[in-house]
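Take a look at the structure below.
Rule-based calculations on the coordinates, nothing more; no lab input. All values reported here derive from a predicted model rather than from experimental measurement. We place every Cβ from the backbone using ideal geometry, glycine too, and count neighbours over all the protein chains shown.
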Amino acid sequence: MEPETGLSKPVAVVACATMAFLYVAILYAPTLILRLPAPSSIKEFMIRRFICAAISSFISLVLCAFLLPLRKREATYLLGVYGIRLNHFWQAVVFPLSLTSLMYAGSFVFKSLLLVDSWKEHMHQGEGFFFDFVKAILQNFLAGLSSTASNVLAWRNYVVAPLTEELVFRACMIPLLLCGGFEIYVVILLCPILFSLAHLNHWMEIYGRQNYSLLKAFMVVGLQLGYTVIFGSYASFLFIRTGHLVAPIVAHIFCNFMGLPMLFVRRTGMVSLAFIAGAVAFICLLCPITRPHLYNDGTDDFGRFLEAKRALDLLDFSISSIPIILFLL
């Protein structure tokens, strides 16, 4: 494929590695390169980070557009290549979000059990009827929502990080690697490695939080890297199968909000049973619910782009894609 696409594997890998490096390096540019004074507050610090992340994402988009062997470089065509499009938008939001939520069945059951316990305590104390309890729950939910909307860290976790990271590590890197001639299962494993390595910039912060214990810091970082590799593989899988950038973005936001899936809780096996049931359902529905024809007409920009580089046949989950399932398991 290399002579036909005009993009070699080494160039594709170097370009992706450069994007990953720039994504992290630009975050530290204000203090290390521009020598700006230290931020006076966490809000000012995060806003500075938001601007840096936006700049690095823009650079990656431009670099990707320059390197990709496209027949035309119109804005709509490029947006289609990046998976930014409106057609089949609701499918790209609802289906991947529903699929991802299956892995959190244990967490949902646990939260439900907490609500039941809270309701029993509420009734035991004679503080009112069930309607009053529901009203209190809604009031707490709205208060929490309002607090989250004004929290700069929440904007990082649920808006800026998912959007910029998916733009760089999915929308830019995956088309480059596919055009470089890499097999799809290699792309789904390679992008997450770069994605996880980019999170090593939190090393010193984690090291300090663990009272400067190398062993504890390595354990936390190892867990973080493992989780980001697994999630990165899943997000890459979603992007390739759906051709929609919004699919991995909503999955990213949801996982950031939920945290790690709950596997078990002492004194009850319901959480573990729910997690197992959700995991089995996730595996069974992973391929059917991400079939490309559910998200593409076959005539859109992303489909034409894949056809032009002869990668459309790889989107059918064939024998060559079996390593993906094995890795996710």
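Miscellaneous remarks
- Charge dipole (debye, nearest 20) of the stretch 43-123; +1 at Cβ of Lys and Arg, -1 at Cβ of Asp and Glu: 380 debye
- Stretching residue 266 away from residue 54 to a fully extended chain increases their span by 72.0 nm, per 0.36 nm per residue minus the current alpha-carbon distance.
- Computed E for residue 44/residue 197 - FRET, C-beta separation, R0 35 angstrom, nearest 0.05: 0.80
- Hypothetical label at residue 97: residues of the stretch 220-254 whose amide nitrogen lies under 18 Å (7 Å Cα-Cβ projection): 235, 238-239, 242-254
- Multiplying the residue separation of residue 112 and residue 36 by 0.36 nm and removing their Cα-Cα distance gives an extension gain of 22.6 nm.
- If R0 is taken as 30 Å, the Cβ-Cβ distance between residue 276 and residue 256 corresponds to a FRET efficiency of 0.80.
- Length added when fully stretched, residue 8-residue 63, from 0.36 nm per residue minus Cα-Cα: 18.3 nm
- Placing a label point 7 Å from the Cα of residue 121 along the Cα-to-Cβ direction, the residues of the stretch 137-164 with a backbone N closer than 15 Å are 137.
- Between residue 291 and residue 186, the modelled labels are 3.0 nm apart [label points 7 Å from Cα along Cα→Cβ].
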